[in-house]
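Notes for the one structure printed next.
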Amino acid sequence: MDDRSGVRATYERIAAHFSTTREYAWPEVESFCAGRRADTALDVGCGNGRHADVLAGHAERVVGLDASRALLSAARRRVPDADLLEGDASSLPIAGDTVGLAVYVATLHHLPSRGLRRRSLDELARVLTADGVGLVSAWSTAHDRFEAGIDADSGFDTEVDWTLPGGETVPRYYHIYAPAEFDADLGASDLAVVESFLSSGNCYAVVEPA
């Protein structure tokens, strides 16, 4: 499957309501950013800008990228000084060796093929500076809403409904990563893993260019 347009259309449809439920930054992102500084920071899959807002306190310039124009509009209101780009995580419209600090959270699992997911990890490696560092996350089989055990070697594709006010449901594509699979995809990429861990039902990795 390679239907990135379907993922984009889903978030255009739910953007207004989705944004109202995404007010606060994840504590894992705040912890990752603590004590770090960079000239340029990047938020891949920035949504409404809640993590770009955190990055703004740790970098001279913040770039946010998302496939949804509606979510980028919300991000523009929240982080007016950020450079916001409409684009694809598997083909970042950013020059190589320019990003010192990056977050790529809650987005990798929406790319609808393993090839695209791996390509996006290589893209993150490409744009990071030699001493740059990033945080990558994806939903995991360890999440309590899934029955699969955390020791499974492979994840699975699924749809998770978003319920709009009024009761309409909009299905969202997810690839749910097994921790071993997450580590394997990172290991096959141009990134080097500094630390890999589970938190709140998500796989996380702190990464740098290999």
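Bear in mind these aren't lab numbers, they're just calculated from the coordinates by the rules spelled out. As the structure is a prediction and not an experimental result, all values here were calculated from the model. When we count neighbours, we look across all protein chains shown, and the Cβ atoms used for this are built from the backbone with ideal geometry, even at glycine.
So what is the relative contact order for the chain, in percent, with contacts set as C-alpha pairs under 8 Å and at least six apart?
Value for the chain: 18 percent.
Check Thr107: other-chain or 5+ apart residues with amide H under 5 Å from its amide H, H built from backbone geometry?
Excluding prolines and chain starts, which carry no amide H, the hits are Ser137.
Suppose every Lys and Arg Cβ carries +1 and every Asp and Glu Cβ carries -1, with no other charges. What dipole size does region 14-96 come out with about its Cα centre, to the nearest 20 debye? Walk me through the numbers before you get to the answer.
Working: 9 positive and 12 negative charges, 35 e Å.
For region 14-96, the charge dipole is close to 160 debye.
Indicate the gyration tensor shape class of region 1-145 (rounded, prolate or oblate), computed on the Cα atoms with a ≥ b ≥ c the square roots of the eigenvalues: a/c under 1.5 is rounded; otherwise a/b larger than b/c is prolate and the rest oblate. Could the numbers behind the result be given before it?
Numbers: a/c = 1.36, a/b = 1.16, b/c = 1.17.
Rounded, because the longest to shortest axis ratio a/c is under 1.5.
Treat every Asp and Glu Cβ in the chain as -1 and every Lys and Arg Cβ as +1, leave all other atoms uncharged, and give the resulting dipole magnitude about the Cα centre to the nearest 20 debye.
Details: 19 positive and 33 negative charges, 128 e Å.
I would put it at about 620 debye.
May I ask which residue of Gly115, Leu72, Thr129 lies farthest towards the positive end of the charge dipole of region 62-183, with charges of +1 (Lys, Arg) and -1 (Asp, Glu) on Cβ and the Cα centre as origin?
Comparing the listed Cα positions along the dipole, Leu72 ranks first.
Which length gain, in nm to one decimal place, applies between Arg76 and Ser200 when the Cα-Cα distance is subtracted from 0.36 nm times their residue separation? Walk me through the numbers before you get to the answer.
Numbers: separation 124, 0.36 × 124 = 44.64 nm, distance 2.81 nm.
Using 0.36 nm per residue and subtracting the Cα-Cα distance, I get 41.8 nm.
Take the alpha carbon gyration tensor of region 126-210, find the square roots of its eigenvalues, order them as a ≥ b ≥ c, and report rounded if a/c is under 1.5; if not, report prolate when a/b exceeds b/c, else oblate.
Judged from the Cα gyration tensor, region 126-210 comes out prolate (a/c at least 1.5, a/b above b/c).
Given the rule -39500 (n - 2.57) for each run of at least 4 DSSP H residues, summed and divided by the residues of the chain, what is its mean residue ellipticity at 222 nm, to the nearest 500 deg cm²/dmol?
Details: 6 runs with 63 residues, N = 210.
Value at 222 nm, helices only, nearest 500: -9000 deg cm²/dmol.
Binning at 10 Å from 0, report for region 64-144 what percent of all alpha-carbon pair distances ends up in each bin.
Computed distribution, short to long bins: 17, 46, 32, 5.
In whole Å, what is the distance between the alpha-carbon centres of region 48-64 and region 82-130?
Taking the Cα centre of each part, region 48-64 and region 82-130 sit 15 Å apart.
So for Thr163, Thr10, Thr141, Thr158, fewest C-beta neighbours within 10 Å to most, what's the order?
Details: Thr163 11, Thr10 20, Thr141 24, Thr158 14.
Placing the least packed residue first, the sequence is Thr163, Thr158, Thr10, Thr141.
Would you mind ranking Val63, Val194, Val170 so that the residue whose beta carbon has the fewest other beta carbons within 10 Å leads the list? Display every interim value, and only then the final one.
Values: Val63 24, Val194 12, Val170 17.
Ranking Val63, Val194, Val170 by Cβ neighbours within 10 Å, fewest first, gives Val194, Val170, Val63.
When a/c reaches 1.5 or more, the comparison of a/b and b/c decides; with that in mind, is region 67-210 rounded, prolate or oblate per its Cα gyration tensor?
Numbers: a/c = 1.95, a/b = 1.08, b/c = 1.81.
Note, shape of region 67-210 comes out oblate.
³J(HN,Hα) across region 177-184 via Karplus (A = 6.51, B = -1.76, C = 1.60, θ = phi - 60°), whole Hz, x for Gly/Pro?
Result, ordered by residue: 7, 6, x, 5, 5, 4, 5, 5 Hz.
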